[in-house]
Amino acid sequence: MSLFTSLRYLAALHEFKHFGRAAQACHITQPALSNAIRSLEEEFGTAIVKRGRTFQSFTPEGERIFATAQRVLHEQELLLQDLKSASGQPVGALKLGAVPSVMPIAARFSGLLQSRHPGLSLVLRSMSSQDIEAGLENLSLDLALGYTDRLKTRGAKVATVNQYGERYFLLRRASKPGRSGLHIVDKALPWQEAAQLPLCLLTPEMHNRAIVDAAFLEAGATVKPVIETNSILALGLSVLVGDVSSVLPGALVGVLRGYHELEAVPLCRPEVLTPIGFMYAVTERPSHALRAALDMTGDAAWLQHVRAHTGMLHTGD
């Protein structure tokens with residue numbers, strides 16, 4: 001087994017924090033992954049993992065070894081891309097992370113980018129803001145889409161590329177279902193009035209919920225949702241089949257456009273516009289894949305696509 005292979009197994013274990021899931025992601029058996037980690041421990045003469053009946057955490061020494069391993073793997077990927085890529089034709093891997101509320105936009109970006117550059121191999125993961133920040137810092141992520149105004153990293157220099165402002169809508173069942181899909185109501189609804197409805201909202205640990213709670217608080221309203229979930233899909237489905245409403249950002253409203261039973265109402269007073277953008281760690285040598293992705297973030301056709309799928313064309317922009 002090569003050193004690079006063992007380091008990739010170590011990176012997978014750090015990502016999944018579970019021997020079984022890490023082994024599955026690497027397409028090997030759990031004993032094989034465990035043996036690889038033990039071989040690294042013997043090589044470095046120190047414990048890498050705190051072991052109990054299940055995975056507990058990395059040791060302090062293990063965290064240092066992982067940080068070095070991640071830099072080595074990053075350099076290996078840069079070299080491979082340099083060797084395989086031609087001018088205007090990048091070849092290689094690109095790892096993207098996105099917060100759950102913007103996954104529809106991140107998925108469209110990934111699809112269009114791969115279509116434009118068939119030599120790219122993309123991995124897109126739904127991640128919390130904290131995990132995204134950690135991934136950018138330790139180079140396990142190349143690019144991320146999320147809340148740029150809350151970006152916090154301890155050491156890495158991270159640049160941002162603004163994409164759009166996230167607006168919010170009340171999603172409810174339509175009084176008169178339309179024929180052409182979800183209807184976006186012209187007249188906005190104050191947040192204070194939305195607070196009087198039975199609501200399904202995201203769970204408190206999610207950053208999007210913090211934004212929604214802050215808007216209700218600014219409107220002078222206190223909300224106790226009747227349903228809480230950490231699933232973006234559950235927000236829409238609970239409204240579709242239940243007697244609740246929900247608060248969704250425009251990118252998620254766009255995903256539900258095919259449901260004629262639903263309607264979305266822009267929320268006002270206060271006006272909430274949360275900046276969403278791409279984030280990446282600034283390094284001396286960005287990969288060919290990252291450069292191609294960054295080129296597309298400013299493409300006029302892509303930005304128009306973003307506007308069309310975030311509810312912005314229906315709110316006076």
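Of note:
- Per-residue ellipticity at 222 nm computed for the chain from its helices equals -13000 deg cm²/dmol, with DSSP H segments shorter than 4 residues left out and the rest contributing -39,500 (n - 2.57).
- Formal net charge of residues neighbouring L120 (Cβ-Cβ distance under 14 Å; K, R +1; D, E -1): +1
- FRET efficiency, R116 to D243 (Cβ-Cβ, R0 41 Å, nearest 0.05): 0.40
- Using the Stokes-Einstein relation with a Kirkwood hydrodynamic radius computed over Cα pairs, the translational diffusion coefficient of region 168-272 at 20 °C and a viscosity of 1.002 mPa s comes to 158 µm²/s.
- Taking other Cβ atoms within 10 Å as a rough exposure proxy, L267, L78 sort from fewest to most as L78, L267.
- Residues whose amide H falls under 5 Å from that of V49, counting only those 5 or more places apart or on a different chain, are T59, with hydrogens built in the peptide plane.
- Filter on K95/K224; K176/K224; K50/K152; K17/K224; K17/K152 - keep pairs with C-alpha separation over 32 Å: K95/K224; K17/K224
- GNM remark for the chain: springs join alpha carbons under 10 Å apart, and the peak mean-square fluctuation among C268, C200, C26 falls on C26.
- Degrees, to the nearest 10: 232-241 long Cα axis against longest axis of the chain: 30
- Around Q196: net Lys/Arg minus Asp/Glu count, Cβ-Cβ under 13 Å: +1
- Only Lys, Arg, Asp and Glu carry charge here, each on its Cβ (+1 for the first two, -1 for the last two); on that basis the chain has a dipole of about 440 debye about its Cα centre.
- Bridge orientation summary for the chain: considering DSSP beta bridges with both residues in this region, about 55 percent are antiparallel.
- In this Cβ point-charge picture (+1 for Lys and Arg, -1 for Asp and Glu), region 78-214 has a dipole of about 460 debye about its Cα centre.
- Tilt relative to the chain, helix 288-297 - C-alpha long axis, 0 to 90 degrees, to 10: 10
- Packing-based ranking, highest mean first, of 287-295, 141-149, 233-241 given that Cβ atoms within 10 Å are counted: 141-149, 287-295, 233-241
Every number here is computed from the coordinates shown, using simple stated rules; none is lab data. Note that the structure is a prediction, hence the values are computed from the model and not measured. Neighbour counts run over all protein chains shown; Cβ positions are idealised from the backbone, glycine included.
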